[in-house]
1. So which residues in region 197-219 are assigned to a loop (DSSP other than H, G, I, E, B) and among the basic types (Lys, Arg), if there are any at all?
2. Which residues, counting only those in region 123-178, are of a type in the set (D, E, K, R) and in a loop (DSSP other than H, G, I, E, B)?
3. Taking only pairs six or more apart or across chains, which ones have beta-carbon atoms under 6 Å, a first residue in region 111-129 that is outside the structural domain of residue 87 (by TED's automatic domain parsing) and closer than 17 Å to residue 94 by Cα, and a second residue that is of a type outside the set (S, T, N, Q) and not in a loop (DSSP other than H, G, I, E, B)?
4. Which number in (1) farther than 17 Å from residue 157 by Cβ; (2) assigned to a loop (DSSP other than H, G, I, E, B); (3) free of Cβ contacts under 8 Å to residues at least 40 places away in the same chain; (4) within 12 Å of the chain's Cα centre (by Cα) marks the one condition that residue 95 misses?
5. So which residues in region 176-218 are within 21 Å of the chain's Cα centre (by Cα) and either on the phi > 0 side of the Ramachandran plot or not assigned by TED's automatic domain parsing to the domain that holds residue 141 (or both), if there are any at all?
6. Only one of these conditions is not met by residue 222: (1) in a helix (DSSP H, G or I); (2) farther than 24 Å from residue 139 by Cα; (3) at pLDDT 95 or above. Which number is it?
7. When the residues of region 63-76 are narrowed to those that are in contact (Cβ under 8 Å) with a residue 24 or more places away in the chain and more than 16 Å from the chain's Cα centre (by Cα), which ends up surrounded by the most Cβ atoms within 10 Å (Cβ to Cβ)?
Amino acid sequence: MGCCASQSVDSRANKILMWRSTGIVALRDSKLKDFPSDVLELQKIVRTLDLTNNKIVNIPAEIGKLISIQRLILAENLIVRLPMDLGNLLFLKFLILDGNQLASLPIELGLLVKLEQLSVKSNVLLSLPDTIGGLRNLLILNVSGNKLRTFPESIGSCASLEELQASDNAIEIIPSSICNLVRLKSLMLNKNNLQELPPNLLKESKVLQSIFIHGNPIPSESFQQMEGFEAYEARRKKKLDKQIDSNVMMSSTALDEGIDLQ
């Protein structure tokens with residue numbers, strides 16, 4: 001017993017030494033029920049933390065001590081809420097929270113001004129905080145598989161946003177501020193309750209190349225009659241032509257995106 005205990009301590013000590021030397025903490029599939037306290041003690045050292053596929057329910061406020069972290073991956077756990085101290089992670093670029101039980105996100109999320117990718121798909125989100133507009137460097141936002149009915153108006157302030165994934169929700173209204181996303185290239189809204197899109201979307205979104213709106217009660221005629229449809233269609237086809245020329249394998253839905261609306 002003493003020998004086994006000693007080996008376990010040595011193994012843990014070796015892991016901590018490795019974490020200190022690399023700044024990377026990888027504890028995927030470790031059957032954890034609690035957030036690992038020894039990680040919190042590393043504070044400024046941790047740059048990447050991956051706790052995917054565990055059984056963690058609570059994220060402690062002390063996570064705010066990991067002030068140098070850039071990548072935080074907490075997917076496939078049982079997390080029900082995030083602490084306000086998450087807003088202390090000012091160098092965070094990637095935050096992955098897929099497959100948890102989050103019904104809301106803290107307003108402090110908007111303090112993460114360096115965030116480039118936020119993914120919270122397959123949770124139970126009812127809304128997004130208004131402060132999301134503070135994420136001026138956000139490139140990719142994935143909120144698919146939740147219970148959202150709309151986006152906050154502030155979504156239009158995410159000036160760098162290029163890809164917005166929001167399929168499999170209950171979205172009924174898209175705020176007109178989405179037309180302010182001048183860098184938006186891909187908009188995924190499959191399987192929602194949309195009857196229309198903002199009338200200026202295609203006109204104002206001059207780099208938009210892909211719109212996925214399958215499974216919504218939007219008449220195909222109304223989409224094709226929107227101002228700016230011809231220019232959008234030209235960009236869409238140009239993108240597909242480039243993919244074909246590059247021998248990129250595509251799904252059947254990729255070939256008709258934005259056309260088959262049923």
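1. If the condition is that a residue be assigned to a loop (DSSP other than H, G, I, E, B) and among the basic types (Lys, Arg), then 206 is the only one that fits.
2. Correct list: 136, 147, 149, 162, 168, 172.
3. 111/87; 117/94; 117/140; 118/95; 118/141; 119/96
4. Status for residue 95: all satisfied but (2).
5. The answer is 191, and nothing else.
6. Looking at each condition in turn, residue 222 falls short on (3).
7. Ranking the qualifying residues of region 63-76, first place goes to 66.
Residue-by-condition table, conditions (1) assigned by TED's automatic domain parsing to the domain that holds residue 79; (2) in contact (Cβ under 8 Å) with a residue 24 or more places away in the chain; (3) under 18 Å from residue 95 (Cα atoms):
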position	(1), (2), (3)
13	no, no, no
27	yes, yes, yes
31	yes, yes, no
35	yes, yes, yes
40	yes, yes, yes
46	yes, yes, yes
49	yes, yes, yes
57	yes, yes, yes
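The values are calculated or read from the model by the stated rules, or taken from the named source; none is laboratory data. Remember, predicted model here, so these are calculated numbers, not experimental data. All Cβ positions, glycine included, derive from the backbone under ideal geometry; neighbour counts span all protein chains shown.
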